[in-house]
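The values are calculated or read from the model by the stated rules, or taken from the named source; none is laboratory data. Everything numeric here is computed off the predicted structure, so don't read it as measured data. Here the Cβ is made from the backbone with ideal geometry for all residues, glycine too, and neighbour counts use every protein chain on show. Accessible surface areas use protein heavy atoms only, side chains included; no ligands, DNA or RNA. Shrake-Rupley method; radii C 1.70, N 1.55, O 1.52, S 1.80 Å.
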Amino acid sequence: MHKLLPDNGEVAGLLALMLLTDARRAARTGPNGELIPLDEQDRTLWDGGVIAEGVALISAALSKGSVGEYQLQAAIAAVHDEAAHAEDTDWPQILALYGVLKRMTDNPMVALNHAIATAMVEGPDVGLTLLAPLQEDERLRGNHRLDAVRAHLLERAGERDAAAKLYREAATKTTSVPERNYLLMRAARITARPASARP
């Protein structure tokens, strides 16, 4: 499609997004198929060549002016992929990109990710405040991701019992066995940790 429409920014953005996401595939699961979250992945397993291709593609697309949703999503993926370590991630830039994307679309998953980015920049309590309206959004009714994100932010805020409860609730809502196992593992891990080790 990009070969047929080389000047279409959204086509280039979608291709870049696919490349930048696929570049992390080898690090996304462990030897037994268990899920590994982005901040815990072995980034040496990421495909640097594919990342470079995706970054070049989205950089060229963004330089042409009109910006669409796929281009913004690709730009966010590029910021993640260019961080050598999780702690090097430029969260203020990601938050700014999600801010623009949120103004362009009413997609609740964008609002969810915007809340995560906000929490990474301004703290988990601010992120939790942004999540509150999403609990009334019918489009997220029964979706495990909202509970999982709330659990993650509660864990970061030190509310470990509440976080564990929500991880378990999220696990009952997903149809993916690896996701269910991951969520149950998170719940077990934080409840098993001694109080002296808790933030």
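Tell me whether the chain comes out rounded, prolate or oblate; compute the Cα gyration tensor, take square roots of the eigenvalues as a ≥ b ≥ c, and use a/c under 1.5 as the rounded threshold.
Cα axes put the chain in the prolate bin.
When the surface is traced with a 1.4 Å probe over the full set of protein chains, residue 88 keeps roughly 80 Å² accessible. Classified by the C-alpha gyration tensor, region 92-199 has an oblate form. Its axis ratio a/c, with a ≥ b ≥ c, is 1.5 or above, and a/b does not exceed b/c.
Shown is the FRET efficiency for residue 32 and residue 66, computed with R0 = 41 Å from the Cβ-Cβ distance and rounded to the nearest 0.05: 0.35. Across region 15-28, rounded Karplus estimates of 3J(HN,Hα) from the backbone phi angles (6.51 cos²θ - 1.76 cosθ + 1.60, θ = phi - 60°) give 4, 4, 4, 5, 5, 5, 6, 5, 4, 9, 4, 5, 9, 6 Hz, Gly and Pro being marked x. To the nearest 10, the accessible area of residue 44 is 120 Å² with a 1.4 Å probe. FRET efficiency for the pair residue 53 and residue 169, taken as 1/(1 + (r/R0)^6) with r the Cβ-Cβ distance and R0 = 41 Å, rounds to 0.55. Enter the Cα centre distance for the pair region 96-164 and region 1-67, rounded to the nearest angstrom. Between the Cα centre of region 96-164 and that of region 1-67, the gap is 23 Å. Overall, the chain carries a charge dipole of about 580 debye about its Cα centre when +1 sits on the Cβ of Lys and Arg and -1 on the Cβ of Asp and Glu, all other atoms neutral.
Of the whole protein surface, residue 173 contributes about 90 Å² of accessible area at a 1.4 Å probe radius.
Just how large is the dipole of region 19-115 about the Cα centre, in debye to the nearest 20, putting +1 at every Lys and Arg Cβ and -1 at every Asp and Glu Cβ? Could the numbers behind the result be given before it?
Details: 7 positive and 14 negative charges, 77 e Å.
That gives a dipole near 380 debye.
Nonpolar atom fraction for the chain, defined as the carbon and sulfur part of the 1.4 Å probe accessible area, stands at 55 percent. Among the trypsin sites (Lys or Arg not before Pro) in region 9-100, those placed in a DSSP loop whose Cβ has at most 12 other Cβ atoms within 10 Å are 64.
Partners of residue 173 within straight-line reach, counting lysines whose Cα lies under 21 Å from its Cα and excluding those fewer than 8 residues away in the same chain: 165.
Kirkwood Rh, region 70-149, all Cα pairs: how many Å? Walk me through the numbers on the way to the answer.
Values: mean 1/r = 0.0764 Å⁻¹.
Radius from the Kirkwood sum: 13.1 Å.
Does region 30-114 classify as rounded, prolate or oblate by the C-alpha gyration tensor (a ≥ b ≥ c root eigenvalues; a/c under 1.5 gives rounded; else a/b over b/c gives prolate, otherwise oblate)?
On the way: a/c = 2.07, a/b = 1.38, b/c = 1.50.
Note, shape of region 30-114 comes out oblate.
Along region 136-153 the Karplus relation, 6.51 cos²θ - 1.76 cosθ + 1.60 evaluated at θ = phi - 60°, assigns HN-Hα couplings of 9, 7, 4, 5, 9, 4, x, 7, 5, 5, 5, 5, 5, 5, 4, 4, 4, 6 Hz to successive residues, with x for each Gly and Pro.
What relative contact order, as a whole-number percentage, does region 49-196 give when Cα pairs under 8 Å and 6 or more residues apart are counted?
Details: 153 pairs, mean separation 19.1, N = 148.
RCO, region 49-196: 13 percent.
Pull up the cross-link candidates among the lysines for residue 3, meaning alpha carbon to alpha carbon under 21 Å and not fewer than 8 places away within one chain. Residue 3 reaches 64. Considering only 38, 57, 117, the residue lying farthest towards the positive end of the dipole of region 1-133 is 57, judged by Cα position with unit charges set on Cβ.
Look at the dipole of region 48-179 built from charges on Cβ: of 131, 152, 84, the Cα furthest out on the positive end belongs to 131. Between residue 138 and residue 84, the contour length at 0.36 nm per residue exceeds the alpha carbon distance by 15.7 nm.
For region 97-175, the solvent-accessible area of protein heavy atoms averages 50 Å² per residue (probe radius 1.4 Å; ligands and nucleic acids excluded).
In sequence order, region 86-97 has phi-based couplings of 4, 6, 8, 4, 7, 5, x, 5, 4, 4, 4, 5 Hz under the Karplus curve 6.51 cos²θ - 1.76 cosθ + 1.60, θ = phi - 60°, and Gly or Pro positions carry x.
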